[in-house]
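Here's the structure, in structure tokens; my notes come after.
The values are calculated or read from the model by the stated rules, or taken from the named source; none is laboratory data. Predicted, not measured: the structure shown is a model, and the values here were computed from it. Positions of Cβ are backbone-derived with ideal geometry, glycine not excepted, and every protein chain shown enters the neighbour counts.
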Amino acid sequence: MSDAAQQLDQPQNTYGEVQKLLCAQFLTALADNAILFVAVAMVMQGALQGDWYVSALQGCFLVAFVVLAPWVGVFADTRSKPQVLMLANLLKALGAGLMLWGVQPLFAYAIVGMGAAMYSPAKYGVLPELVKGDDALMKANGWVEGTTIVAILLGMVLGAAIADKSIYAALICVLVIYLISAWVAKWMHALPAAHDKKGVDDGIWTSFKSTIMTLLQSPRARFSTLGVSLFWAAAVILRLVIIAWAPVVLLLSTSTQISLLTLFIALGIAVGALLAPRLIPMLYLSRARLAAYGLGISVLCLTFVTDVWVARFVLFVAGVCGGLFVVPINSVLQDIGHRSVGSGHAVAVQHFFENIAMLTVTLVYTWAIASGVEAVSIMWVLGITVLLFTLIIARFLPPVSSR
């Protein structure tokens with residue numbers, strides 16, 4: 001992780017803070033994905049009933065991002081963001097503990113979602129406070145995304161592997177990792193609040209609406225907000241549909257085998273995230289739409305695949321396209337937010353829109369699976385939707401834009 005910090009071209013005291021952030025992010029993302037595949041293992045072992053349960057679990061996680069969006073941005077920007085990271089991880093640990101103690105997983109995972117909703121504005125919002133300049137911000141985002149993907153890889157594989165042997169042991173591991181991540185965040189130096197509470201006095205919803213209107217006045221911010229919503233909506237459906245598609249088409253029978261399959265899309269995202277600063281600098285944001293087109297085409301190609309290794313290759317390509325797409329639009333939105341409404345506010349608005357999209361498609365997917373719609377048909381719809389919506393949201397984006 002020291003190499004990540006050294007490439008940010010920042011003062012020496014910043015290197016250590018970036019390293020700590022990457023460490024905390026790695027641990028919390030590791031636990032986030034492990035706990036999901038613990039639930040997948042519970043379904044496959046018969047502890048939880050119904051193929052719809054995993055998507056319902058995902059929906060409970062996403063609700064918090066939508067409901068809490070007006071508050072979490074203000075919370076992150078009016079406090080030291082490392083402190084917010086610590087508190088968010090403690091809340092996630094509470095959710096994992098409730099699941100360990102036998103509380104209904106849908107409720108327990110919703111608590112984890114509340115912690116994640118609090119965590120994200122602080123995680124992304126702290127980057128413009130730690131690094132300066134477009135290139136450094138892009139590199140920082142690339143390393144955060146890359147670190148997250150490595151954690152996703154390990155979280156999926158380790159979570160599924162341990163849960164296949166012992167659900168109880170897997171949940172204990174998740175709880176401990178959340179607590180360690182909270183400790184690492186506490187270890188970061190306290191930062192001053194990015195903004196005071198001025199502007200919130202008129203009411204949280206009025207302030208949130210004003211933040212949305214301010215951001216959406218910029219074509220680049222509109223493209224970033226809607227683009228990241230499209231990406232994560234596609235990502236959540238792709239992850240869910242793979243869980244239903246792999247046992248039928250590829251004849252995979254355990255959560256470990258499925259997690260190894262989804263590993264390749266995560267690995268591709270990591271590669272794309274690291275390539276993004278070179279291929280799609282912030283000034284040339286419009287290039288990101290080409291990566292989104294590639295993502296849509298990759299999903300369509302997946303509908304013709306019946307071989308495991310071919311599926312892994314196509315998923316890797318889809319992941320590369322996804323990483324190339326999401327890093328530039330994240331960086332642009334953070335930069336615009338930092339210079340206007342506050343980076344935490346901007347990330348909260350971004351998460352509000354993307355999680356409405358994710359929650360909507362999760363509900364539609366749950367209904368489709370419960371109604372007997374085949375996974376291949378869902379993939380067709382997903383690929384075409386990505387291509388169509390990319391065309392729409394990129395139509396009014398200038399080819400090259402200054403700030």
Restricting the search to segment 153-172, which residues are surrounded by fewer than 22 Cβ atoms within 10 Å (Cβ to Cβ) and closer than 13 Å to Leu94 by Cα?
-> Ile172
Unique residue being touching a residue at least 60 places away in the same chain (Cβ under 8 Å), assigned to a loop (DSSP other than H, G, I, E, B) and of a type in the set (Lys, Arg) when the list is Lys123, Lys92, Lys132, Lys139 | Lys132
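Which residues, taken from segment 280-296, are closer than 8 Å to Leu324 by Cα and in a helix (DSSP H, G or I)?
Result: Ala288, Ala291.
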With the condition kept exactly as written, say whether any residue in segment 187-202 is modelled with pLDDT of 80 or more and under 19 Å from Met99 (Cβ atoms).
-> no
Subset of segment 54-79 [of a type in the set (S, T, N, Q) and buried (at least 21 other Cβ atoms within 10 Å of the Cβ)] = Ser55, Gln58
Leu397, sole failed condition from (1) assigned to a helix (DSSP H, G or I); (2) modelled with pLDDT under 80 | (1)
Hey, can you tell me all the residues within segment 95-110 that are farther than 16 Å from Ala182 by Cα and part of a helix (DSSP H, G or I)?
-> Leu98, Met99, Leu100, Pro105, Leu106, Phe107, Ala108, Tyr109, Ala110
Residue check for Val332: β-branched (Val, Ile, Thr) and modelled with pLDDT under 75 | no
